[in-house]
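Comments concern the structure below.
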Amino acid sequence: MAHLQKNTDVIVVGQGMAGTCLSYQFSRNNIDFTVIDNSHIRSSSMVAAGLINPVVFKRLTKSWLADELMSYLHTFYLEFEATIGTSFYDRKSILRVLNSAEEINRWDSKRRGSLKDYLGEICGENEFELQLNKPANLGVVKAGAIDVPAMLAAWKNRLKEAGNIIENNLDYSMIEYGENKVKIQFKSDSLVGKKIVFCEGALGVNNPLFSWLPFNLSKGDILTLRNDKYLGGEVLNNGKFFLPQSDGTIKMGSTYNWDDLSYETKKERREELQEKAKETLSGNTILINHEAGIRPTVKDRRPFLGRHPIQKNAYIFNGLGTKGAMLAPYFSEEILNFVMNEGSLDQEVDIKRFNR
C-alpha cells in the first residue's frame, strides 16, 4: 500500500477551546493548516460551562484584561457563529446573590465607579424566573456564556468537510523536527508542516517539549440538574454557578481540586454541590448527570503562549484555566500573529517568563 504524505503550513495539536479558536483564526486569514485531535471526551473544554464573567466576585474587581477581552470576544463569537451556521454564544446576565448589607453597599459603590460598564442595579428575585430558598438581593452582571460542546462539534464538522483535521492519537515519538519542517508519521500516512502549535489543554503537562512549564492542573466537577422552580435564562451565582441550558436543565458548578487529578467523579464532590443547590434553590431538584474535567491551570494564572527556546518551529497555546471562553478569542489572534508574522507577545503570557 502506498503511503500518503499531506503537506500543510501549520499543524495544530488539539481541538479544545484553544485549538478551535486558533484554527478558526488560521481559516479566516487564509492560512493552510491541519488539526490533529483525538476527541478527548474528558477534556476540560468538553465539560466546561463556558461562562464569560468580567468580574472577580471575591474582591469585586475587574477580571484581568476584562475590557480588552470582552470587546474582542463579542465580535469574534458573532462572526464565528455566522461562519459555521450554529448558535452557541449568549449574552446572559449573572445574578450574584448579595448576602449582607456590606456586600450591597460595596456593589452599589462599584457599579457607580470602577465597574460601571459591567455591574447593573440590585434587584429582587421576583424580577426573574427563579425562586430561591430565602429572599435575596441580586446584583446583575453583564456577562455571557458559550455552549462549548456545540461550538466545538460544529467546527469539527467544518474541519472534516474541508479536510483540515486528522482524528488520531498523537504519540510524541511520532514527531520528527527538521530545520524548517515538522513531520508526523502515522501508521501509514504522514503529515508535514512548517510549524506546529500545541493546544493540548491538561494533556500538555506530558509534552516533553513543554513539560518544564509550571502547570498547576485542577479538577472541576459539574452537575446537570433539573429544577421545577428555576425556569429563567439568567445565570445565578451564590458561591457556585447555576447556568440554565436550552433543554431546560441547569449546569451547576464548580469544584476545585488540585490533589485528585483523576477523571473519576467522586461522591463527596457531588454531595458538596447538591448541598449548595438545596441551600440555594427552592422547589424540587433532580440530579441528571455528574461530570469532571481537568483544567489546564497555571501557577501565575496567566496563559502559556510562545515558542520553544530551542525547537524554533514548535509553539504552545495553553493554560487558559477557568476562563477559556474569555481568553481564547483574544489570545488566539495574538499567537497567530506571533507564529505567522513574528509579532510580539504580551510579557505576562509569553513563556519566556519561565525560561531558565
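The values are calculated or read from the model by the stated rules, or taken from the named source; none is laboratory data. All values derive from a computational prediction rather than experimental measurement. When we count neighbours, we look across all protein chains shown, and the Cβ atoms used for this are built from the backbone with ideal geometry, even at glycine.
A few notes on this one:
- Among residues of the range 154-188, those that are surrounded by 15 or more Cβ atoms within 10 Å (Cβ to Cβ) and either closer than 20 Å to MET17 by Cβ or not hydroxyl-bearing (Ser, Thr, Tyr) (or both), counted: 17
- Neighbours by Cβ (under 8 Å, 6+ apart or cross-chain): first from the range 174-192, free of Cβ contacts under 8 Å to residues at least 12 places away in the same chain and outside any loop (DSSP other than H, G, I, E, B); second of a type in the set (Val, Ile, Thr) and crowded, with 16+ Cβ neighbours inside 10 Å: GLU176/VAL182; GLU176/ILE184; LYS183/ILE175; LYS183/VAL192
- Count of residues meeting criterion [surrounded by fewer than 20 Cβ atoms within 10 Å (Cβ to Cβ) and of a type in the set (A, V, I, L, M)] in the range 302-313: 1
- The one condition from (1) surrounded by 13 or more Cβ atoms within 10 Å (Cβ to Cβ); (2) closer than 30 Å to LYS195 by Cα; (3) in contact with a strand residue (DSSP E or B) (Cβ under 9 Å, 6 or more places away or on another chain); (4) not hydroxyl-bearing (Ser, Thr, Tyr) that LYS299 does not meet is (1).
- Residues of the range 224-237 classified as surrounded by 20 or more Cβ atoms within 10 Å (Cβ to Cβ) and over 19 Å from ILE146 (Cβ atoms), total: 3
- Residue check for GLY220: under 21 Å from ASN289 (Cα atoms), surrounded by fewer than 22 Cβ atoms within 10 Å (Cβ to Cβ), under 16 Å from the mean Cα position of the chain (by Cα) and in contact (Cβ under 8 Å) with a residue 24 or more places away in the chain: yes
- Within the range 334-356, tally of residues that are part of a helix (DSSP H, G or I), of a type outside the set (Val, Ile, Thr) and buried (at least 19 other Cβ atoms within 10 Å of the Cβ): 3
- Residue tally, condition part of a loop (DSSP other than H, G, I, E, B) and either modelled with pLDDT of 95 or more or within 17 Å of GLY204 (Cβ to Cβ) (or both), over the range 267-305: 7
- Of all the residues in the range 193-211, those that are part of a loop (DSSP other than H, G, I, E, B) and either free of Cβ contacts under 8 Å to residues at least 12 places away in the same chain or not aromatic (Phe, Trp, Tyr) (or both) number 6.
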